[in-house]
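S.K.: Pasting in a structure now, in structure tokens, and then I'll have a few things to ask.
The values are calculated or read from the model by the stated rules, or taken from the named source; none is laboratory data. Every value quoted in this text rests on a predicted model; they were computed, and no experiment measured them. Counting neighbours? That spans all protein chains shown, and the Cβs are built from the backbone with ideal geometry, glycine included.
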């Protein structure tokens with residue numbers, strides 16, 4: 001991990017967090033802004049949003065119960081439709097677990 | 001004249017550094033186990049006999065990787081027409097008709113224009129166009145075969161979409177095309193760039209996972225076709241790339257595939273056998 005100075009949370013990150021919390025009521029939530037890792041990349045050249053373009057998100061929620069991975073991810077994509085569309089969020093790395101799955105992972 | 005099968009790089013260099021600027025040379029890259037190549041072998045030989053004014057060269061792409069690299073061959077069968085040291089046309093895929101058309105086009109020009117300057121429209125440096133190949137069932141599927149080797153290891157399922165009118169493709173037609181594309185190979189990867197040259201870290205990682213697990217796959221470079229790029233997002237109901245399809249069913253992006261294989265090392269086999 002690099003030693004990044006305490007960074008301000010951007011508006012998109014704030015939105016993402018609030019939307020997910022509201023819709024999925026997670027028991028655990030974590031979000032990391034990875035945009036700096038990609039800002040020089042070919043795919044982002046000419047993009048207006050390079051500071052909040054890539055995020056890594058972990059969501060643990062009972063809402064995921066009985067849903068396979070693609071379905072869980074689609075749920076999140078739906079919630080963050082605006083961010084992925086007009087707001088210019090380019091990619092999301094998603095880790096989606098149910099509370100039970102999360103528990104057993106913690107024990108490992 | 002018969003087809004000349006290349007045995008060495010020196011031979012290739014000798015044959016292609018022709019002093020006659022009008023001489024049209026056809027190159028055919030193939031591998032022994034790619035099934036569309038088997039069909040094309042016969043076609044190519046017949047054409048060679050029928051067109052004595054053109055030099056027909058055949059190259060086993062795996063035996064001669066350096067030559068393949070010069071022409072950036074990433075899938076077979078692959079044809080190149082050259083004249084006067086210039087690449088006139090490249091054709092990816094087993095479409096005899098298209099090859100014959102190009103052959104005739106350039107042959108005419110090489111005979112009617114005395115100096116080594118074919119007609120205005122002729123010179124396309126690396127205009128790669130891909131075509132459908134009719135396979136045994138008469139379906140026009142994407143007919144290029146994959147094979148595992150260092151340089152050449154995947155199917156290029158790039159559709160022919162070079163015409164300007166491609167933008168006005170109706171949604172219905174697009175969906176039909178997408179259906180065909182997603183089933184073009186048992187495992188289909190829609191990615192940014194190509195396996196040999198990925199344009200995105202996530203696409204690169206997914207290619208690596210497939211290779212590590214020795215999964216044969218077809219790929220499609222969505223950077224080369226915006227219609228597919230946008231259409232597939234709707235079709236898969238998935239906003240990002242890379243996207244992996246197995247047996248025509250959407251499986252997920254990098255995160256999901258990574259997790260699936262971590263949870264179960266037999267993931268790909270099971271998915272291929274429709275056990276998932």
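S.K.: For segment B:12-38, name all the residues that are touching a strand residue (DSSP E or B) at 6+ places or on another chain (Cβ under 8 Å), closer than 15 Å to residue B:65 by Cα and at pLDDT 80 or above.
M.R.: Hits for segment B:12-38 are B:12, B:27, B:28, B:29, B:30, B:31.
S.K.: Would you be able to say whether some residue in segment B:80-88 is within 13 Å of the chain's Cα centre (by Cα), crowded, with 18+ Cβ neighbours inside 10 Å and touching a residue at least 40 places away in the same chain (Cβ under 8 Å)?
M.R.: Taking every residue of segment B:80-88 in turn, at least one turns out to be within 13 Å of the chain's Cα centre (by Cα), crowded, with 18+ Cβ neighbours inside 10 Å and touching a residue at least 40 places away in the same chain (Cβ under 8 Å).
S.K.: Out of all the residues in segment B:243-256, which are more than 9 Å from chain A (Cβ to nearest Cβ) and either modelled with pLDDT of 95 or more or buried (at least 21 other Cβ atoms within 10 Å of the Cβ) (or both)?
M.R.: Keep residues of segment B:243-256 that are more than 9 Å from chain A (Cβ to nearest Cβ), which gives B:243-249.
Result: B:243, B:244, B:245, B:246.
S.K.: Across segment B:171-185, what is the total count of residues that are out of contact with any helix residue (DSSP H, G or I) (no Cβ under 6 Å at 6 or more places or on another chain) and either within 14 Å of another protein chain (Cβ to nearest Cβ) or crowded, with 16+ Cβ neighbours inside 10 Å (or both)?
M.R.: The total comes to 7.
S.K.: Among the residues of segment B:41-59, is there at least one that is within 24 Å of residue B:218 (Cβ to Cβ) and under 15 Å from the mean Cα position of the chain (by Cα)?
M.R.: Taking every residue of segment B:41-59 in turn, none turns out to be within 24 Å of residue B:218 (Cβ to Cβ) and under 15 Å from the mean Cα position of the chain (by Cα).
S.K.: Then there is this: Could you say whether any residue in segment A:45-62 is within 14 Å of another protein chain (Cβ to nearest Cβ) and assigned to a helix (DSSP H, G or I)?
M.R.: So far as segment A:45-62 goes, no, none of its residues is within 14 Å of another protein chain (Cβ to nearest Cβ) and assigned to a helix (DSSP H, G or I).
S.K.: Which residues, taken from segment A:79-92, are within 11 Å of chain B (Cβ to nearest Cβ), surrounded by fewer than 19 Cβ atoms within 10 Å (Cβ to Cβ) and either part of a loop (DSSP other than H, G, I, E, B) or in contact with a helix residue (DSSP H, G or I) (Cβ under 6 Å, 6 or more places away or on another chain) (or both)? Full working, then the answer.
M.R.: If we filter segment A:79-92 for residues that are within 11 Å of chain B (Cβ to nearest Cβ), which is where we start, we get A:80-81, A:83-85, A:89-92.
When the remaining residues are screened for being surrounded by fewer than 19 Cβ atoms within 10 Å (Cβ to Cβ), the result is A:81, A:85.
A:85 - this is the single residue of segment A:79-92 that is within 11 Å of chain B (Cβ to nearest Cβ), surrounded by fewer than 19 Cβ atoms within 10 Å (Cβ to Cβ) and either part of a loop (DSSP other than H, G, I, E, B) or in contact with a helix residue (DSSP H, G or I) (Cβ under 6 Å, 6 or more places away or on another chain) (or both).
S.K.: Exactly one of these conditions fails for residue A:31: (1) surrounded by 16 or more Cβ atoms within 10 Å (Cβ to Cβ); (2) within 14 Å of the chain's Cα centre (by Cα); (3) within 14 Å of another protein chain (Cβ to nearest Cβ). Give me its number.
M.R.: (3)
S.K.: If a residue must be within 17 Å of residue B:79 (Cβ to Cβ) and part of a loop (DSSP other than H, G, I, E, B), how many such residues does segment B:3-52 contain?
M.R.: Adding up the residues that qualify gives 6.
S.K.: Can you work out which of the residues in segment A:11-44 that are out of contact with any strand residue (DSSP E or B) (no Cβ under 6 Å at 6 or more places or on another chain) and part of a loop (DSSP other than H, G, I, E, B) is modelled with the highest pLDDT?
M.R.: A:25
S.K.: Go through segment B:194-242 and give me each residue that's surrounded by fewer than 18 Cβ atoms within 10 Å (Cβ to Cβ), within 14 Å of chain A (Cβ to nearest Cβ) and over 27 Å from residue A:39 (Cβ atoms).
M.R.: B:234, B:237
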